[in-house]
Amino acid sequence: MRIPMIAGNWKMNLTIGAGLELVKSIHYSHRHPGEVDVVVAPPFTAIHSIAEAVKDSYISVAAQNIHWETSGAFTGEISPVFAKDAGAEYVIIGHSERRQYFAETNETVNKKTKAAFAHGLTPIVCVGETLAEREAGRVEEVINTQVTQGLTGLSATNFEKLIIAYEPVWAIGTGKTATGQQAEDVHTFIRELLVKLAGPEIAQKIRILYGGSVNAKNAKELLSFPNIDGALVGGASLKAPDFVEIIKGATA
Ligand code: PEP
């Protein structure tokens, strides 16, 4: 049984004060989460304050990125040790915006994923094809490369904790959502890849989230598919009523 996860990626939004208001209203309007893990990923500057504020609640905190090194001459970067020290339990790795604007590759995704595990953070590794790749019939080829190269060399213990987010690039922030069946097909394919990488038993334990314009209206249908184990939510995670509705969709 995989416990569903709803994770909100705040991206480069919300000051500390605005983030605190948001988690307070999520917590107040949804006191009984049931069997669902709820995570918010604020900007680095707000991680500590948000983590302190949610410490006795059911909400956990993620960083949106880390560097793979522990410390050193890497101006402007955040070490996994610092993210953990600030209160993060999870970290989003390889988001398509990082791949697109910050030259993230499957190789850096792999280094960051290993660094996250080494320092007690649970990685949420993002994969997904562009529209051009989908239209060229290359979805499986692209996902295969991202998953295989991004996760190479992980131990069985790492795989057990790993979280993957399938986020088709054409659906992120565009209002275009993959249909439940389109997402389920890719999630099933990812699970088959995980069987090859980690064995059938561990592959069944790995949560695969869907991300791409998930909102209060479409979440329940998407989450009803057997291999869609939760959602990574961008825009709709910035509005408490919408985010709470998505959490409810996962508990229903
Ligand atoms: C995301 O940032 O991971 C995302 C899925 O964004 P949105 O929900 O806004 O499409």
Practice problem: Given the options Glu89, Glu97, Glu129, state which has the largest fluctuation in a GNM of the chain using a 10 Å cut-off (strictly under) for Cα springs. | Solution: Glu97
Practice problem: Any chance you could check the Cα centroid distance between the range 111-175 and the range 206-252 for me, in angstrom? | Solution: 18 Å
Self-check item: Exposure proxy order (Cβ contacts within 10 Å, fewest to most) of Ser60, Ser25, Ser155
Solution: Ser155, Ser25, Ser60
Quiz prompt | Packing rank of 112-123, 207-218, where each peptide gets the mean count of other beta carbons within 10 Å, highest leading | solution = 207-218, 112-123
Practice problem: Can you figure out the FRET efficiency of Thr251 with Thr75, using R₀ = 51 Å and their beta-carbon distance, to the nearest 0.05? | Solution: 0.75
Self-check item: Residue order, fewest to most beta carbons within 10 Å, for Ile246, Ile16, Ile163, Ile59
Solution: Ile16, Ile59, Ile163, Ile246
Quiz item: Taking amide H positions as placed 1.01 Å from N in the peptide plane, with prolines and chain starts having none, which residues 5 or more places from Val40, or on another chain, fall under 5 Å of its amide H?
Solution: Gly8, Ser60, Val61, Ala62
Quiz item: Where does the chain land at 222 nm, in deg cm²/dmol rounded to the nearest 500, when only DSSP H runs of n ≥ 4 count, each adding -39500 (n - 2.57), divided by all residues?
Solution: -13000 deg cm²/dmol
Quiz item: Out of Leu151, Gly173, Gly120, whose Cα points farthest toward the positive end of the dipole of the range 118-177 (charges: +1 Lys, Arg; -1 Asp, Glu; placed on Cβ)?
Solution: Gly120
Self-check item: Under 5 Å, built H, 5+ apart or other chain: amide partners of Gly230
Solution: Met5, Tyr210
Quiz item: log₁₀ I(q)/I(0) of the chain at q = 0.13 Å⁻¹, via Debye over equal Cα point scatterers, no solvent, to two decimals?
Solution: -0.75
Self-check item: Fraction of beta bridges assigned by DSSP in the chain that are antiparallel (%, nearest 5)
Solution: 0 percent
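Readers should treat all values here as calculations from the given coordinates under stated rules, not as data from a laboratory. None of the values given here were measured: they were computed from a predicted structure. As a convention, Cβ positions derive from the backbone with ideal geometry for all residues, glycine included, and neighbour counts pool all protein chains shown.
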